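*Asks:* Here it is, the structure in full.
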Amino acid sequence: MKNNVAITIERLYGSAGREIGEKVAEMLGIHSYDHELIEMAAKRSGMSTEMLYQADEKATNSFLYSMALGAASHGSAMFGFDVPINDRLFMTQSEIINELSQKESCVIVGRSADYVLRDYPYLLSVFVFADEEKRMKRISQRQGCSLGNAKILMNKTDKRRIKYYNFYTGKKWGKTDSYHLSIDSSILGVDGTARVIAEMALNLDNKKLV
C-alpha cells in the first residue's frame, strides 16, 4: 500500500470481528493488532500484563478520563498515582495506536481506535455486527457452553464494550454515522466480509486526498 491506511474495527461480540480483522490484514499483507496492544502497553508502561488484561476495554468511574483523552490526543501519557489503571491503559494504547498509524498500514481491533484516529486522513472505520442467533452459536462453539450461557456472555461483553467506547469517546457505540462502514458479517461470512473491507481500504489508499 502506498499510504499508511489504518483500518479500525469495532464489533459486536460473536460477530467474528477479530477474525475478520486478521483476514483483512492477511489479504492486504499488513499487521492486525488486538491483544498485541496489551502486550505493547505493558512493555511501554511497566505495568503488569495480567493486570492490563483485566482492565482491557473496561471503563472506569473516574473523573480523570478527560485528562486521559487530552493526553492521548496530544500523543503523550500523563501518569500519576491517582490515575486508575483503566485510564492509564487507554492513554498508553492510544499513544501506541497513533504511532502505528504513522509508520505502517494496519488493522486495529477495538480500543476505540476509530476515535483515537478520528483526524487521520487514511482512516477506514468499520463496525461489524451479525444476526443474534448466529452470534450465540459462534460463542457457544468457541467457548464450549450452552446457547443460554452464550447469550448471557454476549450481552455482558457488549454492555462492557458499549460502556468503554461511550465513556472514552463521548460518542455512541455502534451508531451508524460514527463509522465509514457498518457491515453484517452473517451475510457474507468472515472471508466475504473481509474482502469488502479490504477493497474499501485499497480504494482509500488510491484516493487523492485534498
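*Asks:* Report, ordered by the first and then the second residue, all pairs with beta carbons closer than 6 Å, sequence separation of six or more or different chains, a first member in region 85-96 that is within 12 Å of Met47 (Cβ to Cβ), and a second member that is crowded, with 24+ Cβ neighbours inside 10 Å and not hydrophobic (A, V, I, L, M, F, W, C).
*Replies:* Gln93/Arg111
*Asks:* Mind listing whichever residues of region 70-100 are in a loop (DSSP other than H, G, I, E, B), modelled with pLDDT under 50 and not polar (S, T, N, Q)?
*Replies:* Residues satisfying the conditions are His74, Gly75, Ala77, Met78, Phe79, Gly80, Phe81.
*Asks:* I would also like to ask the following. Does Tyr120 satisfy being touching a residue at least 24 places away in the same chain (Cβ under 8 Å), farther than 18 Å from Ser185 by Cα and not in a loop (DSSP other than H, G, I, E, B)?
*Replies:* For Tyr120, the condition - touching a residue at least 24 places away in the same chain (Cβ under 8 Å), farther than 18 Å from Ser185 by Cα and not in a loop (DSSP other than H, G, I, E, B) - is not met.
*Asks:* Within region 105-112, is there a residue that is closer than 19 Å to Arg18 by Cα, modelled with pLDDT under 95, within 16 Å of the chain's Cα centre (by Cα) and loosely packed, with under 15 Cβ neighbours inside 10 Å?
*Replies:* no
*Asks:* Can I ask one more? Inspect all residues belonging to region 165-176 and state whether any of them is over 30 Å from Asn3 (Cα atoms) and part of a loop (DSSP other than H, G, I, E, B).
*Replies:* No, there is no match, as no residue in region 165-176 is over 30 Å from Asn3 (Cα atoms) and part of a loop (DSSP other than H, G, I, E, B).
*Asks:* Additional query: Tell me, which residue of region 13-37 that is among the hydrophobic types (A, V, I, L, M, F, W, C) and within 13 Å of the chain's Cα centre (by Cα) is modelled with the lowest pLDDT?
*Replies:* Checked region 13-37; the qualifying residue modelled with the lowest pLDDT is Leu37.
The values are calculated or read from the model by the stated rules, or taken from the named source; none is laboratory data. Source: prediction; values computed, not measured. No Cβ is skipped: glycine too gets one built from the backbone with ideal geometry, and neighbour counts run over all protein chains shown.
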